[in-house]
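*Asks:* My questions will all concern the structure given below.
The values are calculated or read from the model by the stated rules, or taken from the named source; none is laboratory data. Note that the structure is predicted; figures quoted are calculated from it, not measured. Backbone-built Cβ (ideal geometry, glycine too); neighbour counts: all protein chains shown. Just the protein is used for accessible areas: all its heavy atoms, side chains included, with ligands, DNA and RNA removed. Shrake-Rupley method; radii C 1.70, N 1.55, O 1.52, S 1.80 Å.
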Amino acid sequence: MTHTLVYPISSMHTPTGHLAIGGCDVVELVEAFGTPLVIYDEESIRDQCRRYMEAFRQHTDDFEVIYASKAFSSLAIDQLVLEEGLSIDVSSGGEYHIARAAGFPGERIFFHGNNKTEDELKYALSGGVGFVVVDSFQELALLEELSAERGRSRQRILLRITPGIEAHTHSYIQTGQIDSKFGFGLQDGVALTAIRRALAAPHLDLVGLHAHIGSQIFQLDGFRRAIEILVKLIGQAHDELGFECRYLNIGGGLGIRYTEEDTPSSIGDYVTVKVEGVREEMAALGLPMPRVLIEPGRSIVGKAGVTAYRVGTIKEIPGVRTYVSVDGGMSDNIRPMLYDAHYQGLLANKVEAPADTTVTVAGKHCESGDILMRDTLIAKPEPGDILVMAATGAYCYAMGSNYNGSTRPAVVLVKNGRARLIIERETYADLVAKHHPLREQGEA
């Protein structure tokens, strides 16, 4: 199969010249479930989970792989990663609710977020959340107050540290630089003060630190530098405050291929840099090795997902470009508009045809910027063709909207020739289900 680098690992061509994923003909899938349609390959997701677990086992027995559910959160996917032995991180009360509904035990859940509300924290505490990753002094005080009111065992927490590292990625998904809305910075002793206050909180148990420098990162040097900075802080806190770091969460951020030109590092190299980096830095200070935690999201589900659209209007502007419009766009994939993200695509019903036509794939929304792929090569398109965009499994459905009254697409999980509907397509009735009219129809 061509394009194997960016499509799910089970992708293949059928004898009829169609794209198949998980043993399912994509053309038949869209006939059954409609378009736009998000298709996840179960084999690809499980394979990535197992690669992470095995990579860690090559270095240590004391680790935890935590799925960053903000990449894509659903009952079925949360259950899948739980089956593979992963824990989960959530960044809102809603993601926490989905994880719990999927069967995740509270102690396997890490609650993130820079502005957790009081209601969200109460909800998580009542459900026995395992760890809260504290992001501010205000949250630290609130969490101590809420934990004291509950009068139970001390709530385990980690402090999110901003290490001052600018990762090699888009500025919107950099999170570790000094000027960040996330975490406690190192300047002026802020992070050390946070550790001091957390240790003094009678109803909180500070078990470790957390840092995340960004997302879709190819170069590993930034991770190594962040570890060096974190461990230096751990050593200082140990010497001055008696702090024992039992858990060290060094974030996620491993990039994936969106196009064949992308060159991400391997899971093995990524894990080696993180685990051995922690080992080297802790040993240099004479401190015991903590449990090492990472939180991959994109690299778990990104390549596993594709989105299928039906081609509609084709508009050729002589000497300029050819626009191919599809029945989705920025409402189901905002990443090209937010991050100038680049994707590859093909026509699922013409995979054997040569990709010899340069087109710009446009969405259906009333925005000139609603462009999914610009100047990309596909087979000669016709109305009714099925265009598939690769590597849409992360931060696409999760960031979807109802812009222009669009309904969110259906999501299916495929394996061994079987397709399971895991999220139903929204209907027009869903668009107004929570609305209240000014007056009822027929009312004067």
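*Asks:* Can you pull out the residues in segment 100-111 that are in contact with a strand residue (DSSP E or B) (Cβ under 9 Å, 6 or more places away or on another chain), under 20 Å from Leu158 (Cα atoms) and in a helix (DSSP H, G or I)?
*Replies:* Glu107, Arg108
*Asks:* State whether one or more residues within segment 342-352 are under 19 Å from Val6 (Cβ atoms), free of Cβ contacts under 8 Å to residues at least 60 places away in the same chain and not in a loop (DSSP other than H, G, I, E, B).
*Replies:* Yes.
*Asks:* Please go through segment 360-393 and give me each residue that is β-branched (Val, Ile, Thr) and surrounded by 18 or more Cβ atoms within 10 Å (Cβ to Cβ), ordered by number.
*Replies:* Scanning segment 360-393 gives Thr360, Val361, Thr376, Ile378, Ile386, Val388, Thr392.
*Asks:* Take segment 326-335 and flag every residue that is over 16 Å from the mean Cα position of the chain (by Cα) and either surrounded by fewer than 20 Cβ atoms within 10 Å (Cβ to Cβ) or not hydroxyl-bearing (Ser, Thr, Tyr) (or both).
*Replies:* Result: Val326, Asp327, Gly328, Gly329, Met330.
*Asks:* Does Ser265 meet the test of being more than 28 Å from Ser147 (Cβ to Cβ), out of contact with any strand residue (DSSP E or B) (no Cβ under 6 Å at 6 or more places or on another chain), buried (at least 24 other Cβ atoms within 10 Å of the Cβ) and modelled with pLDDT under 95?
*Replies:* Against the criterion (more than 28 Å from Ser147 (Cβ to Cβ), out of contact with any strand residue (DSSP E or B) (no Cβ under 6 Å at 6 or more places or on another chain), buried (at least 24 other Cβ atoms within 10 Å of the Cβ) and modelled with pLDDT under 95), Ser265 does not qualify.
*Asks:* Could you tell me which numbered condition Val412 fails, if it satisfies all but one of (1) under 25 Å from Lys350 (Cβ atoms); (2) out of contact with any Lys or Arg (no Cβ under 9 Å at 6 or more places or on another chain); (3) among the hydrophobic types (A, V, I, L, M, F, W, C)?
*Replies:* (2)
*Asks:* Quick one: in segment 356-373, of everything that is more than 24 Å from the chain's Cα centre (by Cα) and not β-branched (Val, Ile, Thr), which residue is farthest from Arg257 (Cα to Cα)?
*Replies:* Cys366
*Asks:* Oh, and also: In contact with a Leu (Cβ under 8 Å, 6 or more places away or on another chain) and either at pLDDT 95 or above or not in a loop (DSSP other than H, G, I, E, B) (or both): is that true of Glu240 in this structure?
*Replies:* Details: in contact with a Leu (Cβ under 8 Å, 6 or more places away or on another chain): yes; either at pLDDT 95 or above or not in a loop (DSSP other than H, G, I, E, B) (or both): yes.
Taking the combined requirement at face value, the residue satisfies it.
*Asks:* Is it fair to say Ile66 is within 14 Å of Lys415 (Cβ to Cβ) and open to solvent by less than 10 Å² (accessible area, probe 1.4 Å)?
*Replies:* Spelling it out, it is not the case that Ile66 is within 14 Å of Lys415 (Cβ to Cβ) and open to solvent by less than 10 Å² (accessible area, probe 1.4 Å).
*Asks:* From Gly286, Gly328, Gly312, which residue is touching a residue at least 60 places away in the same chain (Cβ under 8 Å) and not in a strand (DSSP E or B)?
*Replies:* Working: Gly286 fails: touching a residue at least 60 places away in the same chain (Cβ under 8 Å); Gly312 fails: not in a strand (DSSP E or B).
The conditions single out Gly328.
*Asks:* Specify which of the listed residues (Leu421, Leu413) is open to solvent by less than 20 Å² (accessible area, probe 1.4 Å) and over 15 Å from Asn333 (Cα atoms).
*Replies:* From the options Leu421, Leu413, the qualifying one is Leu413.
*Asks:* Turning to a different aspect of this structure: Give the residues of segment 217-262 that are closer than 24 Å to Gly305 by Cα and over 19 Å from the mean Cα position of the chain (by Cα), sorted by residue number.
*Replies:* If the condition is that a residue be closer than 24 Å to Gly305 by Cα and over 19 Å from the mean Cα position of the chain (by Cα), then Glu260, Glu261 are the ones that fit.
*Asks:* Here is a further query. Filter segment 74-88 for residues that are in a helix (DSSP H, G or I) and either among the hydroxyl-bearing types (Ser, Thr, Tyr) or open to solvent by less than 40 Å² (accessible area, probe 1.4 Å) (or both) and give the result.
*Replies:* The answer is Ala76, Ile77, Asp78, Leu80, Val81.
*Asks:* Here's a follow-up. Condition first: within 15 Å of Cys49 (Cα to Cα) and among the aliphatic types (A, V, I, L, M). Now tell me which residues in segment 248-265 satisfy that.
*Replies:* Result: Leu254, Ile256.
*Asks:* Restricting to segment 296-321, count the residues that are over 17 Å from the mean Cα position of the chain (by Cα) and open to solvent by 30 Å² or more (accessible area, probe 1.4 Å). Walk me through how you get there before you give the answer.
*Replies:* Step one: of segment 296-321, the residues over 17 Å from the mean Cα position of the chain (by Cα) are 308-321.
Next, only the ones that are open to solvent by 30 Å² or more (accessible area, probe 1.4 Å) stay: 310, 312-321.
Residues flagged as over 17 Å from the mean Cα position of the chain (by Cα) and open to solvent by 30 Å² or more (accessible area, probe 1.4 Å) within segment 296-321 amount to 11.
*Asks:* Something else about it: Lys303 versus (1) charged (D, E, K, R); (2) in a loop (DSSP other than H, G, I, E, B); (3) without any contact (Cβ under 8 Å) to a residue 60 or more places away in the chain: which is the lone unmet condition?
*Replies:* In the conditions (1) charged (D, E, K, R); (2) in a loop (DSSP other than H, G, I, E, B); (3) without any contact (Cβ under 8 Å) to a residue 60 or more places away in the chain, Lys303 misses (3) alone.
*Asks:* Can you pull out the residues in segment 387-444 that are assigned to a loop (DSSP other than H, G, I, E, B) and of a type in the set (D, E, K, R)?
*Replies:* Arg408, Glu424, Arg425, Glu426, Lys434, Arg439, Glu440, Glu443
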